Amino acid sequence: MKKVFFLMSIILSCFGCTNRQAAFKEFDYKVDRFADMEIIRYQVPGFEDLSLRQKKLVYYLSEAALWGRDIIYDQNYRHNLLIRHCLEAIYQYADISRQGEDWQAFEVYLKRLWVANGIHHHYSTDKFEPGFSQDFFVTALRAVPAEKLPSMESGRLTQEQNPLQTQDSLNTTQYADELAARLLPLIFDARLDAKRVNQAQGEDLIVSSACNYYRDLSQKEAEAFYAVLNNPENPCPVSYGLNSRLVKEEGQLREEVWKIGGLYSPALEKITYWLELALEVAENPRQKEIIQSLIDYYHSGDLETFDQFSILWVQDLESKVDFINGFIESYGDPLGIKGSWEAIVNFKNEEASKRTQIISDNAQWFEDNAPIADEFRKKEVKGVSAKVITNAIMGGDAFPTTAIGINLPNADWIRRDYGSKSVTIENITEAYFQSSQGSGFNEEFMWSEAEVKASAKYGFITGNLHTDLHECLGHGSGQLLPGVDPNALRSYGSVIEETRADLFALYFLADPKLVELGLLPNEEAYKAEYYEYVMNGLMTQLSRIEKGKQIEESHMRNRALIARWLLDQGSKDKVMKLKKRHNKTYLVIHDYGALRQLTGELLAEVQRIKSEGDYTAAEALVENYAVQVDPLLHQEILDRYAKLNLSPYKGFVNPLYKPVYNDKDEIIDIIVLHNENYVEQHLRYSKDYAALPVEN
Ligand code: ZN
């Protein structure tokens, strides 16, 4: 539950470093645009400077990262893999015209499916509306050569496994029609499995969510199942339920564990195959131990082994190459229990990490000076480590949309006893920035030239610092009172946690200490981030929400919560207000100092809510400030945004790592290629990394 996603406002900010800009100029960032998405490339600066051994390590871990792709499709929705296979078969092999509106809409639908790892929007989690007709779809499916359609048993697009090869009596059209009969309601019935993750208050969140983490049971049953396992007396509990699907069969609840020999075994076997190779080129004995413990965990499914892995992993600060690979974040589960599979491979950006080193060296000062009650304060901050990294590959739930900062592990007791590792992913923020030059966004939404200029001058550095502080210190700060259940805030837990981390970052961003530490050039700089943050939370993030919908995603809720609470409190004392000019709404901030005090007050309250597990207060704060959308303001933002012709969301294509062999078949180098387009990449991934049957 510890990620910072990209704040739209960052893209308009400017780099301090002109050399870097020059170096990036030649690179072609833009790849594709469709629906609400823009797809961009990212560079991997510094890869060439790694040793051959490190390059091999990155390469093997990258393969391990890509082999889990099918898992996230299945976790997101039980029918996603079948749908993806059929759509890709049509796209590649159907003998029909590639002209006309139906085809175009079909292509957009498939591209959106790849973005979302399934048929529900990656951010809103609403089911996509197909813009093509049912007739078109059935005709297209019938026009696919029989051997290219997925077998419903195996899901693999191989001739050997297609039933049509062995069952001559089965007529091709008949088989296509059987598939169509299953697929039509899944794709075209808007009410069926309408939402991947439903957070609506008062509904059964499991029954009304389409994600594939629970089967045939109610929210009450699932909560009761895990309530029994969670013993509040245990100071070091495993993350119960993190790596399994919970099912009900003949009245009994049972976990189907994701492990080798269990659910998702074929994918996990491939992942561990590549992890075994990575083991051989690990940088040091500790890293070897880390990879080995992950392999052991994939074999046993034992959550204690996963905790041991996490403890080893969080303590590894010396390795240059690092990775995430596993069932990690729980945003995809309305109850916040199940971990979606994700993977990232990265290496340290030594130069930029000097900044985060200063922050982590001063972690205790920040904790001691946080504006929270003493009983909620950590007496001793342990193992706060932070670095700036270069992503080399992203996979599973971390792809093709991704975070710009990560803080792990998620287990509260490991964070308490061993600290956490926190990263800011600067080649990703750079790609966002470079691909968004000159969009006109700030000029449209900011009150005056002064805010636009401040953003250009300080926005990039303060945005990155916000991420550093949020990840490195914010999530790790504070403590629960003894006996408080870490899951006490239930479905409000992740919003409150993100709110807490953001407030921590905002509060300290305005502290003179940052100037003293050399992290900010002067005591004005922080204002750029304050303005952009509040503007985004009050107004511009609404551009990501469809007309008539409410705010649902955790990070958007947390930003709305903070910005609206500040406006609510701040407008009383004329700290800030929303002002109209030529019928357009703008944020005007009069008193930044007072605004900072308000962030401190809200932080104190949010920390209290978390430390005491005050569910009622969490519910009130979220429901009052973070959910509803003012329809008039929403329409205005949508109209203004539409005129800018921007895509509200960005996704990525990965680079391709290609080993170079000598005549003895030994790898002598790994080269990075950036020449794949979006469609090519996903069709290749579907072909080369098809690990799972269509139904699991
Ligand atoms: Zn976070």
Task: Criterion: open to solvent by 40 Å² or more (accessible area, probe 1.4 Å) and touching a helix residue (DSSP H, G or I) at 6+ places or on another chain (Cβ under 8 Å) - qualifying residue of 643, 572, 664 - done: 643
Open item on the list: Cβ-Cβ distance below 7 Å, separation of 6 or more or different chains: which pairs start in the range 472-487 with a residue that is over 13 Å from residue 613 (Cα atoms) and end on one that is open to solvent by 10 Å² or more (accessible area, probe 1.4 Å) and within 12 Å of the ligand (Cβ to nearest atom)?
Closed with: none
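Counting only residues that are of a type in the set (Asp, Glu) and either open to solvent by 30 Å² or more (accessible area, probe 1.4 Å) or not assigned by TED's automatic domain parsing to the domain that holds residue 424 (or both), give me the strands (runs of 3 or more DSSP E) lying completely in the range 240-329 with at least 1 of them.
Numbers: elements: 244-249, 252-257, 321-329.
Of the strands (runs of 3 or more DSSP E) lying wholly inside the range 240-329, those with at least 1 residues that are of a type in the set (Asp, Glu) and either open to solvent by 30 Å² or more (accessible area, probe 1.4 Å) or not assigned by TED's automatic domain parsing to the domain that holds residue 424 (or both) span 244-249, 252-257.
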TODO: Can you confirm whether the range 408-419 contains a residue that is part of a loop (DSSP other than H, G, I, E, B) and modelled with pLDDT under 90?
DONE: yes
Task: Residue that is nearest to the chain's Cα centre (by Cα), among those in the range 472-513 that are in a helix (DSSP H, G or I) and more than 16 Å from the ligand (Cβ to nearest atom) - done: 491
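Among the listed residues 680, 676, identify the single one that is open to solvent by less than 50 Å² (accessible area, probe 1.4 Å), among the charged types (D, E, K, R) and over 23 Å from residue 266 (Cα atoms). Spell out the reasoning first.
Details: 680 fails: open to solvent by less than 50 Å² (accessible area, probe 1.4 Å).
One residue alone meets the criteria, 676.
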TODO: Kindly state which helices (runs of 4 or more DSSP H) lie completely within the range 611-696 and contain at least 2 residues that are within 28 Å of residue 551 (Cβ to Cβ) and of a type outside the set (Lys, Arg).
DONE: 615-625, 631-644
- [ ] Go through the range 514-553 and count every residue that is within 19 Å of residue 640 (Cα to Cα), out of contact with any strand residue (DSSP E or B) (no Cβ under 9 Å at 6 or more places or on another chain) and outside any loop (DSSP other than H, G, I, E, B).
- [x] 8
- [ ] Show the residue pairs that are 6+ apart or on different chains and have beta-carbon atoms under 6 Å apart, the first residue being within the range 405-428 and assigned by TED's automatic domain parsing to the domain that holds residue 387, the second being acidic (Asp, Glu).
- [x] 405/471; 407/471; 422/471; 424/468
Open item on the list: If the requirement is being open to solvent by less than 20 Å² (accessible area, probe 1.4 Å), modelled with pLDDT of 95 or more, under 19 Å from residue 133 (Cα atoms) and not hydroxyl-bearing (Ser, Thr, Tyr), which of these qualifies: 83, 96, 72, 40?
Closed with: 83
Task: Filter result (buried (at least 19 other Cβ atoms within 10 Å of the Cβ), among the hydrophobic types (A, V, I, L, M, F, W, C) and at pLDDT 95 or above) within the range 338-375 - done: 341, 343, 344, 345, 347, 366, 370, 372
TODO: Being within 16 Å of the ligand (Cβ to nearest atom), of a type in the set (S, T, N, Q) and open to solvent by 10 Å² or more (accessible area, probe 1.4 Å) is the filter here, so list the residues in the range 407-439 that pass it.
DONE: 410
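I need the full set of residues from the range 48-77 which are among the small types (Gly, Ala, Ser) and either within 15 Å of residue 346 (Cβ to Cβ) or part of a helix (DSSP H, G or I) (or both), in order please.
First, the residues of the range 48-77 that are among the small types (Gly, Ala, Ser): 51, 62, 64-65, 68.
Of everything in the range 48-77, those that are among the small types (Gly, Ala, Ser) and either within 15 Å of residue 346 (Cβ to Cβ) or part of a helix (DSSP H, G or I) (or both) turn out to be 62, 64, 65.
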Task: Among the residues listed as 450, 454, the single one being open to solvent by 50 Å² or more (accessible area, probe 1.4 Å), in a helix (DSSP H, G or I) and among the hydrophobic types (A, V, I, L, M, F, W, C) - done: 450
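The values are calculated or read from the model by the stated rules, or taken from the named source; none is laboratory data. For clarity, every value in this text was computed on a predicted model and none was experimentally measured. Because the Cβ atoms are built from the backbone with ideal geometry, glycine has one as well, and the counts that use them run over all protein chains shown. With ligands, DNA and RNA removed, areas are computed over all heavy atoms of the protein, side chains included. Shrake-Rupley method; radii C 1.70, N 1.55, O 1.52, S 1.80 Å.
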